[in-house]
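Asker: Let me give you the structure first, and then I'll get to my questions.
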Amino acid sequence: MVTVADFFCGAGGFSEGFHQSGFDVVFALDNWKLATETHDINHPTCKSITMDILKIKTIEEIDNIIPDTDIIVGSPPC
């Protein structure tokens with residue numbers, strides 16, 4: 001199955017679209033805690049984290065935080 005990471009995930013609209021299209025959304029990130037809490041409810045098998053993506057400074061941090069995926073999507077802000 002093709003895996004997806006959703007950056008700026010919000011409540012999971014892009015994640016849901018990819019999920020309904022047969023993709024496996026395995027990771028989501030947003031800097032708004034309420035958004036990731038809602039994403040967790042809407043996509044319970046996906047690992048979501050709350051953080052500012054700009055805090056990731058090195059390749060090593062990327063490797064430690066973000067799993068390898070086939071696709072990375074970046075949702076527009078709501």
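The values are calculated or read from the model by the stated rules, or taken from the named source; none is laboratory data. These figures come from a predicted structure and were not determined experimentally. Glycine also receives a Cβ, built like all others from the backbone with ideal geometry; neighbour counts cover every protein chain displayed. In case anyone asks, the SASA skips ligands and DNA or RNA and just uses the protein heavy atoms, side chains included. Shrake-Rupley method; radii C 1.70, N 1.55, O 1.52, S 1.80 Å.
Asker: Taking into account only those residues within the range 50-76 that are within 22 Å of residue 21 (Cα to Cα) and open to solvent by 60 Å² or more (accessible area, probe 1.4 Å), which is modelled with the lowest pLDDT?
Answerer: Only one residue fits best here, namely 76.
Asker: Restricting attention to the range 25-35, and to residues there that are touching a Cys at 6+ places or on another chain (Cβ under 8 Å) and not aromatic (Phe, Trp, Tyr), which single residue is most open to solvent (accessible area, probe 1.4 Å)?
Answerer: To start, the set of residues in the range 25-35 that are touching a Cys at 6+ places or on another chain (Cβ under 8 Å) comprises 25-30, 35.
With the extra rule that they be not aromatic (Phe, Trp, Tyr), the set shrinks to 25-26, 28-30, 35.
Working: 25: 11, 26: 41, 28: 0, 29: 2, 30: 18, 35: 5 Å².
Step by step, filter the range 25-35, then rank; the result is 26.
Asker: Could you give every pair whose Cβ atoms fall below 7 Å, whose first residue belongs to the range 32-51 and is under 19 Å from residue 67 (Cα atoms), and whose second residue is surrounded by fewer than 20 Cβ atoms within 10 Å (Cβ to Cβ) and among the acidic types (Asp, Glu), counting only separations of at least 6 or pairs across chains?
Answerer: Between residues of the range 32-51 that are under 19 Å from residue 67 (Cα atoms) and residues that are surrounded by fewer than 20 Cβ atoms within 10 Å (Cβ to Cβ) and among the acidic types (Asp, Glu), the close pairs are 48/40.
Asker: Which of the numbered conditions does residue 29 fail, given that it passes all the others? Conditions: (1) touching a residue at least 40 places away in the same chain (Cβ under 8 Å); (2) part of a strand (DSSP E or B).
Answerer: (1) is the only condition that residue 29 fails.
Asker: Can you find a residue that is open to solvent by 90 Å² or more (accessible area, probe 1.4 Å) and of a type outside the set (S, T, N, Q) anywhere in the range 36-46?
Answerer: Step one: list which residues in the range 36-46 are open to solvent by 90 Å² or more (accessible area, probe 1.4 Å), which gives 41, 44-45.
Next cut, of a type outside the set (S, T, N, Q) only: 41, 44.
So far as the range 36-46 goes, yes, one or more of its residues are open to solvent by 90 Å² or more (accessible area, probe 1.4 Å) and of a type outside the set (S, T, N, Q).
Asker: Checking residue 22 against (1) touching a Ser or Thr at 6+ places or on another chain (Cβ under 9 Å); (2) open to solvent by less than 50 Å² (accessible area, probe 1.4 Å); (3) in a loop (DSSP other than H, G, I, E, B); (4) not aliphatic (A, V, I, L, M): exactly one of these is not met. Which one?
Answerer: That leaves (1) as the condition not met.
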